[in-house]
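These notes are about the structure you will find just below.
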Amino acid sequence: MTRALGLVRTIALATALFGGAAQAQTIKIGVNEPLTGAFAASGTYVVNGAKIAADEINAKGGILGKKIELVIEDNKSNPTEAAAVAEKLITSDKVPVLMGAWGSSLTLAVMPKLIEYETAMVVETSSSGKITTTGNPFIFRISPPSAVEAAAFKGIVDKLALKKVDFLVINNDWGRGTAEDFSKMMKDKGISIGLVETMDQGAQDMSAQLSKIKSSDSETVIVTTAVDQLTLIFKQAAALGLKKRIITTGGSQNPDQIIAQAGAAANGTMHLTTFLPWFPDKTPNPEATNYFISEWKKRGFEFAGCTESFRGYDGIRTVAAAIEKAGKAEPAAIKAAFWDINIKGLNGDIVFRKSGPEGKESGQSQPNVYLIEINDGKVEMKTL
Amino acid sequence: MSEFLQHLVNMLVLGGTYALLGIGLTLIFGIMNVVNFTHGVLYTFGAYVMFIVVQQLGLNFFLALPVAVLAGWLLGAAIELTLLRPLRGSDIDTTMLVMIGAWIAMQSGTLWIWGGVAKSVTTPFPESPLVLGPVSVSWLRLFVLAAAALLIVVTYLLINKTSLGRAMRATFQDHDTASLMGVNVDMIYTSTFAIGSSLAAAAGALLGPVYVIFPQMGDLAAVKAFAIVILGGLGNITGAVIGGFILALAEELGAGYVSSGYRDAMGFLIIIAVLIFKPTGLFARAERVG
């Protein structure tokens, strides 16, 4: 009996050792994305993009002689879950670095956990200004905050001859932040701001808001939300006979999905995006863009997802570059190394600049922003 | 003024579908006394049946509607036979837990089969809306309103004018007496649940093409259905119809003139008011006590 127990103990010890050894063979990266709930489509695209980056890196031998392993968790489009998932990834999976969490409200919910566990996170999609201005030194954002989007848009407002605009935005940090930053920029330009309407992230019927906007005296509506709600808004606006110019922001429009699902209702709409998969040669890094798109197609994913998924791809490459620079997969070293990286992203160079209160700055890179227009079911580029 | 008229038209269109959701649930929750958490999933299921029949099989839109209703009927009957029948006579908490389990399992099932990306269904209706002066409304939504009205009338007649409806009401008033009078009680339980389920599926099949179809679409619909049933009084079909329109009116005017951020809260504020001042619902008949 004692011997049997001893044997069991030896096996347990051996398993633990081998297990430990096997674990050390890979470098884990935590991925915190919405795979169910209101943002399921977008989160899934980002994760698929992240997997392409991980496979590409591993095919070239990994980093620091080890393969990288994505530990993917679903935050259910819910801020409470996003924070819980971050905690689980850091404490239970022992990931030294994270990428996430798609939505601004989701990311903001995760941020206190990053300070608590001193672990850095690459923010790949969120655009609320608050993320990089509240003084969280563990945040490194590669997506444009809405103020950067607004600044990029500034150049074209004269060309579009905007006079008065209404807003229809998702009722969370992302939507309200966008309405704030764009209003500020437009007021400086002498454009008057009319209605600021909001909608819940799960709402399916926006007829009431659109009816109100229909009878206002503005000529343009700025709409900020994710692709599924945009599709509904275009359809419902068409049904109400709303004839105003619609411009969307936020970079989560997936124009091809809009064309497929909203049909003619999408014609004439304009979109501020952060990636140009339709015109790879016009992107800052055509070679990488072409590689990414061909890999995306090879895996049988819908082309529409490219405008989201590239962020997952860039995000993981950013994380990998920082780990390589750090020389070891430890949270503090990786965090410090983010400041020294310079990689070619699909949407411009990823170099972090300091943003937020002194002494506890977040990192923010400066990606490009483009304006596209849908005409006759096709995407056209507008020059900014 | 034109904005107000547009809000009223929106209310009519939205109210019709809320009414349809409400009557399906009032049959099950109000008459059978089963807290049916699968109502929202059946709504989602109806929408996905439309997606399969119209988009994947390429069949006619109008043919797909009865298919969805029938599929909802069959799924409802299956739920009653496998989950509710063995539990008959057990307390309401047990049934509720089982229904919550069924809800989660079925919702995860739709996510597993179709994924989280929203689907849409193409309809045979023109994309340009019907314009009447300052008001405009899509043809699809008018069709949905007409179809909902038809289903509501048919359900009302079924419950109030047919012998099946009489047997249903008798069974849930007094199960033993109905049984002694020769009513096949088992059959009545199954058909009531199946009819309620088919109405949920019909609502999903009608609204799926109006909106987009995704696994969690039924959650908000189910919450609203419960609100409508409570508003109208349990088991009261007319009450559920009126409750549906009241909820739609509150949402439209609330979003239009108060604050769009609180659109979905408006309906629930009304529910709270109703529960405080008239806890049995606006249109509940006086109940026999004891």
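The values are calculated or read from the model by the stated rules, or taken from the named source; none is laboratory data. What you see is a predicted model; the values in this text were computed from it and never measured. Virtual Cβ from ideal backbone geometry, glycine too; neighbours counted across all protein chains shown.
Out of the range A:214-238, which residues are assigned to a helix (DSSP H, G or I), facing chain B (nearest Cβ under 9 Å) and either touching a Leu at 6+ places or on another chain (Cβ under 7 Å) or over 24 Å from residue A:35 (Cα atoms) (or both)?
Correct list: A:214, A:235, A:236, A:238.
Quick one: which strands (runs of 3 or more DSSP E) sit completely within the range A:295-383 and have at least 2 residues that are among the small types (Gly, Ala, Ser)?
Per the criteria, A:362-364.
Just to check your reading of the model, which residue among A:131, A:90, A:115, A:193 is over 24 Å from residue A:53 (Cβ atoms) and in a helix (DSSP H, G or I)?
A:115
One line per residue, one yes/no per condition, for (1) under 30 Å from residue A:196 (Cβ atoms); (2) within 11 Å of chain A (Cβ to nearest Cβ); (3) at pLDDT 90 or above:
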| site | (1), (2), (3) |
| --- | --- |
| B:193 | no, no, yes |
| B:217 | yes, yes, no |
| B:229 | no, no, no |
| B:234 | no, no, no |
| B:243 | no, no, yes |
| B:252 | yes, yes, no |
| B:257 | yes, yes, no |
| B:261 | yes, yes, no |
| B:265 | yes, yes, no |
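Consider the range B:93-127. How many of its residues are small (Gly, Ala, Ser) and surrounded by 14 or more Cβ atoms within 10 Å (Cβ to Cβ)?
Qualifying residue count, the range B:93-127: 5.
Considering only residues that are surrounded by 20 or more Cβ atoms within 10 Å (Cβ to Cβ) and closer than 23 Å to residue B:211 by Cα, look in the range B:146-173 and name the one that is nearest to the other protein chains (Cβ to nearest Cβ).
The qualifying residue nearest to the other protein chains (Cβ to nearest Cβ) is B:148.
Could you check how many residues of the range B:72-112 are away from every other protein chain (no Cβ under 14 Å), part of a helix (DSSP H, G or I) and of a type in the set (Ser, Thr, Tyr)?
Number satisfying all stated conditions: 3.
Residues checked against (1) surrounded by fewer than 23 Cβ atoms within 10 Å (Cβ to Cβ); (2) over 11 Å from the mean Cα position of the chain (by Cα):
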site: B:27; (1), (2): no, no
site: B:45; (1), (2): no, yes
site: B:67; (1), (2): yes, yes
site: B:82; (1), (2): yes, yes
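Output the qualifying pairs, or none if there are none: Cβ atoms under 8 angstrom, residues six or more apart or on different chains, first residue in the range B:82-96 and in contact (Cβ under 8 Å) with a residue 24 or more places away in the chain, second residue of a type in the set (Lys, Arg) and surrounded by 11 or more Cβ atoms within 10 Å (Cβ to Cβ).
Final answer for the pair search is none.
What residue, of B:123, B:44, is closer than 30 Å to residue A:236 by Cα, at pLDDT below 90 and touching a Pro at 6+ places or on another chain (Cβ under 8 Å)?
Criteria check complete, one pass: B:123.
Checking residue A:211 against (1) surrounded by fewer than 24 Cβ atoms within 10 Å (Cβ to Cβ); (2) facing another protein chain (nearest Cβ under 7 Å); (3) at pLDDT 90 or above, which test does it fail?
Result: residue A:211 fails condition (1) only.
Pick from the range B:113-140 the residues that are more than 7 Å from chain A (Cβ to nearest Cβ), under 23 Å from the mean Cα position of the chain (by Cα) and not in a loop (DSSP other than H, G, I, E, B): which of them is farthest from residue A:243 (Cα to Cα)? Full working, then the answer.
Within the range B:113-140, the subset more than 7 Å from chain A (Cβ to nearest Cβ) is B:113-115, B:119, B:121-126, B:128, B:130, B:132-135, B:139-140.
Subset that is under 23 Å from the mean Cα position of the chain (by Cα): B:114, B:119, B:121-123, B:139-140.
Within this subset, residues satisfying the condition of being not in a loop (DSSP other than H, G, I, E, B) are B:114, B:119, B:139-140.
Details: B:114: 35, B:119: 26, B:139: 18, B:140: 19 Å.
Applying the filter and picking the extreme gives B:114.
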